[in-house]
Amino acid sequence: MMRSFLYIFLLVITAQAQAQQTEVQYLSGGGNNDMVQWDFYCTAGMNSGKWTTIGVPSCWELQGFGKYDYGFAKDSVRGKESGLYRKKFKVPVSWKGKNINIVFEGVMTDAEVKINGRLAGAKHQGAFYAFKYDISKLLNYGKENLLEVKVDKHSSNKSVNAAEREADYWLFGGIFRPVWLEVLPQTYIDDISIDAKADGSFRTKATAHGKQNTLSIKIFDKKGKLVAEKESAADNMQEYALAVKEPDLWSSEFPNLYKAVYTLSSGGKPVHTVEKKFGFRTVEVKQRDGIYVNGVKMKFKGVNRHSFRPESGRTTSYQNSVEDVLLIREMNMNAVRMSHYPPDGHFLDVCDSLGLYVIDELAGWHGHYDTPTGSLRVKEMVEHDRNHPSIVIWANGNEGGSNPELDQLFGEYDLQKRVVIHPWQLNNGIETQHYRQYNYGVSNFENGREIVMPTEFLHGWFDGGHGAGLDDYWNKMWNNPLSAGGFLWDFADQGVVRKDKKDSLDTDKHRGADGIVGPHHEKEGSFFTIKEVWSPILIERREIAAGFDGRFNIENRYQFANANSCTYTWKLKRIGMKEEQVLDGEISAPDIAAGGKGQLQVILPADWKSYDVLYITVKDQYQQELFTWSFTISRPAQKAKELVALNKDEQDIQIRETSKTYDVKVKDIELSFDRTNGLLKIVRNDKGIVPLSNGPVIQEGVNNFSKISYKYDKDKNLVISSAFDKKKSFNTLQWVIYRNGWIQLQVNYFPDSLHTKMLGINFDLPENQMRSVTYMGKGPYRVWKNRLKGGAFDVWNKKYNNTETGEQWDYPEFKGYHANFYGGIINTEGQSFAIATETEDLFLRLYGAKWKTDQWHNYEPWFPKGDISFMNAIPSIGSRTQTRETTGPMGQDNIYYDYEKDPTRALRIVLWFKFGDK
C-alpha cells in the first residue's frame, strides 16, 4: 500500500514538473542598476548624428543624448528628436513552434518595432504602458536576430502629447523600462483577472488558448499551505469561483498576500503554469459616507509620487521602489497616488508586499487622450495592474485631463469594478478638488454631501506647504465624517543630473523643487512634521509638573491594528555641561482597539524630577519607529540657574561714563551700552571683539527705552535699566552685570498692534562671522508657526550653512527659527559666547535666507530685522498654491492684547550672556 502511494505521488510530481511556466529572456537590463548596452543613434541634440551605444533601459538625456526638456520649455527640436536602437540576439531552435512575444514595459513615446527588417506590428503610442508583439514568425531560430526600434520623443498623435508631454514635469525620451522575450507553449493561459473579497470569495477570469483543456486553480497562503483548489474545463474565456475560509485580509497595516497557481492541462497533461500573487480585500464606495476597505472607513494619508531618480530620470529599479515605499511608510503614510501615469510594475509589487493603498492613474496632466487612443491605453494599464491588491482606486487623468468617455472601460477590464475618480473634479461622489483652503465652509466641502478627498493639497515649494498647515488640515479631515483624507504634493524634488552642465542638479527654475524629500531623498523639516501628525498612535500633549503620575492620554488611529501591536519605551535624560545621564525602560502596551482612546501608564523611577526630558518612543509591529515624543521636565529658568552657578569666581565691576555710553568692565569682559536707549553697542574680551551688538531691538514694537540709569545692587552687581512710563516709555529693559562675568538682560514690551507676524528682540551678528551653534531645545530642523511638530528636545550641534530648501540639500538648514530654546553656545570667527534664557517657549532665530517667492506671493517667508533674534512669536509660511493665512488657524497672525500697557501683562524675555572664558 505504501509503495502504491509513493508511485501515485511521484506521478503527480512528474506531471506538475512537465507543466511549463512562462519563459522570460531579457534583452535589456531590469532597471537603472543593470543596463544592457544597445547600439544607438540620436537624431538631434547632444551626441546626435552618429552611431554609438546606450544602456537600456534608460532615458537617453541622462545618458548624454538629445535635449533636456521640462514640460513648459520651448523645445527647439520638438518633432525632430528620435532615437534609433539596434540589438542583436539569439533564440534556441527548441523555441520553434512556441508562441514568442517581445514585451516592452515602457517606451517614450512612439515606438516602431522591427524584427529582422520586418515590422512587428502597429506603431505603439503612449509612454507609460506595457505592450507586446507576437514575433514567432519573424524570428530566425538557432541564429542571430536583429531588433530595431525607432523611438520618437514626441508623438505624432496630438492627444498623446496633450496627455503626456505638455505637463509640469521633466520630459524624457527612450526605452526607459525593461524589454524581454516571453515564451509560451502552443497551449497556454493568459489574461488573468482576480477579484478576491474580504469574505474569502475568489473569482477569476482567464483565457485558455487551445482545445480540450482543463484548468486547475490552487490557492496557497503566505506560509505555502494549500487552502483552496478547483479544477474545471477551460474555455476560451471563462470565470471560475473558489472560496477560502476566514482568510487573512490585505490592508496597508496587514499586507497579507496569497498565491494563486493556474495549471492548464491538455489531454490530461499539464502544459502551462502561471502564478499570481493577490490579497483578499473588499473596497467599497458608500455615497455620502466614505470609502471603505474591508468594512472600515478609510482616512488616506497619502502623497503623490513620480517615478524618478536624478541620474536616470524615469528609469528606476526594484531597489528604488523599495526605497520609496519605505520612506513613504516612514512618514506614517498609508497611501500613494501615481502621478501622472501608471508606475513600474515592481513599484506596485512593493506596495502590495509592504502595504500602501494606491491610486493608479491614466496619464493626463491638463490634456487627455482622444477616445480611440485612450481606449487602448486604459486596456493596457488595467490589464497590466489590475491584480494588485494595493490598487483601490483608478484615476482618469488629472486636473481637467480626464476623458469621461473612457470611464466605463475601466470596469470592462477590471473584474473588481474599482471606482474611477477624476482628480481635481467631482466624479462618482468623490470630490477631489486640489488645493482647497483650510476653510471648507462652501458648497460640497465641510457643508456638502460628497466624500471629500483632495488628490493634491498643501503643495510644497521650498520650505512651505507639506508640513506647514498639515496639523490644522488633518484635525479637520480626521473629524469630518465625509473626509477620506488626502494626498500631499509631492514626494521628492525632481532634480536632474545634467550631463551638459557638469553633472549639476537642475530643478528647472525651481519648478521641480516641491518634494518632501530632496532629489536623493534628503529629508526636509516637513518630513518629520508629517511623521508626527500622521502617527497612527497619537499621544496627547501633556505638561509634566509636580503632580505628574506617569499617565498619558493616547488615541489609536490605526484602522485595523490594536494599540498593543506596537511596542512602547521611555527614556529619561539629564543634560549637563560636561556629560549626559540616561535611564530607560519599557512600557506595557495598552489594549486599545482601532479608533479607540485610552491611557499609557509610564512607570518612572522615584528621582524622575532630577532629569530634564522624558522621551516616549512607539514602534509598530515591524519595529519601525512611529515617532519619539519629547516632554520637558526642567524649565529654562532652572537650567539657566544651574549654568550661571558654575561660575563662582567674582570680581569688582568698573563703569565709566562718556557723553554717549556706559563702558563697563568685569573680569576679561568689556561692554559698551548706549546711554540714550540702553542698547548693547560693543563687546570685547581677551580675544578681541565679540560680534554681537545693537540689541535688544524690539520686533513689531517700539524701542522707547528711555531715562537710562545705573546703580549697584546689594551684592555689588551693576544694574543698567530704563524707566517705565505708561505713555512714553512703556517698553523697558534692564541689564544686570554680575561679578562672576554673567550678564542678564530683561526686556518687558508690548506689540505695536493687535495682529503681528512675529514678536521678539533682535541683535546684530554679522553672518560672515558665524561658524556654528550648539543649543538646547527642539531640533535639529527649523520651524514655522504652522509647522511646529516633528522635532525632538535635546542638545543640537549645527554648523553654518546657507541652504535654501529645494535649491541646495544640505539639511537641516542653519537659518531660521528654532523652537523651545533653553540656551546654547554661539561659535563665531575666533570667538564663542554662551546664552541661556529663563523664558519658556522662546524661539532662537538665526538670520534669514535668499528667499524666493512666486508671482502671487503665496510662499512668503518673513524674518525680523537684524541677524539673530529671541522670539516670543514667529510667523507662519505659505505654499506654492496658498498664502499662509489660508492654511488654517496656525497660519494666522499672532494676536496679543496690550491691556492698556499694564506692566503685569507685558511680554517678557530674560536672557543670560557669558562673553568671556574667565
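In this structure, the residue pairs whose Cα-Cα separation is over 19 Å, taken from K619/K778; K87/K114; K297/K531; K681/K901, are K619/K778; K297/K531; K681/K901. Taking a ≥ b ≥ c as the square roots of the eigenvalues of the Cα gyration tensor, an a/c ratio of 1.5 or more together with a/b larger than b/c marks segment 34-158 as prolate. Other residues within the sphere of radius under 13 Å centred on the Cβ of R635, judged by their own Cβ, net out at -3 (K and R +1, D and E -1). Summing Lys and Arg as +1 and Asp and Glu as -1 over all other residues whose Cβ lies under 9 Å from the Cβ of S82 gives a net charge of 0. Restricting to DSSP loop positions (anything but H, G, I, E, B) with no more than 14 other Cβ atoms inside 10 Å of their own Cβ, which trypsin sites (Lys or Arg not before Pro) remain in segment 443-503? Sparse-neighbourhood loop trypsin sites (Lys or Arg not before Pro): R449, K502. Where a ≥ b ≥ c are the square roots of the eigenvalues of the C-alpha gyration tensor, would you call the chain rounded, which needs a/c under 1.5, or, failing that, prolate if a/b is larger than b/c, or oblate? Because a/c hits 1.5 or more and a/b exceeds b/c, the chain counts as prolate. For N479, neighbours were defined as the other residues whose beta-carbon sits under 11 Å from its Cβ, and their charges (Lys and Arg +1, Asp and Glu -1) total +1. Mean residue ellipticity at 222 nm, helices only, the chain: -3000 deg cm²/dmol; runs of at least 4 DSSP H residues each add -39,500 (n - 2.57), and the sum is divided by the number of residues. Amide H to amide H, with H built 1.01 Å from N, A228 comes under 5 Å of I219, counting only residues 5 or more places away or on other chains. Within the same chain, aspartates and glutamates fewer than 8 places from K269 are excluded, and of the rest, those with a Cα less than 14 Å from its Cα are E231. Relative contact order for the chain: 8 percent, from Cα pairs under 8 Å spaced at least 6 residues apart, divided by residue count. Using only the Cα atoms of segment 759-910, build the gyration tensor, take square roots of its eigenvalues as a ≥ b ≥ c, and label the shape rounded, prolate or oblate: rounded if a/c is under 1.5, else prolate if a/b is larger than b/c, else oblate. Oblate. The E275 and S156 beta-carbon pair, evaluated with R₀ = 35 Å, returns a calculated FRET efficiency of approximately 0.35.
Looking at segment 615-651, which trypsin sites (Lys or Arg not before Pro) are DSSP coil and have at most 12 other C-beta atoms within 10 Å of their C-beta?
Numbers: sites: K619, K639, K641, K648; in loops: K648.
Here the trypsin sites (Lys or Arg not before Pro) that fit, given the DSSP loop and packing criteria, are K648.
For the listed residue pairs K573/K789; K96/K230; K639/K667; K150/K276; K67/K137; K98/K417, the alpha carbons are over 27 angstrom apart in K96/K230; K150/K276; K67/K137; K98/K417. Would you please name the GluC sites (Glu not before Pro) within segment 581-690 that are DSSP coil residues with at most 15 other C-beta atoms within 10 Å of their C-beta? Within segment 581-690, the qualifying GluC sites (Glu not before Pro) (loop, at most 15 other Cβ atoms within 10 Å) are E650.
From least to most packed, judged by other beta carbons within 10 angstrom and beginning with the fewest, R880, R288 follow the order R288, R880. The largest-to-smallest principal axis extents of the Cα set in segment 537-635 are 46, 28, 19 Å.
We did not get these values from a lab; they are worked out from the coordinates using the rules stated. Just so it is clear, the model here is predicted, and its values are computed rather than measured. Using ideal geometry, Cβ is built from the backbone for each residue, glycine included, and neighbour counts are taken over all protein chains shown.
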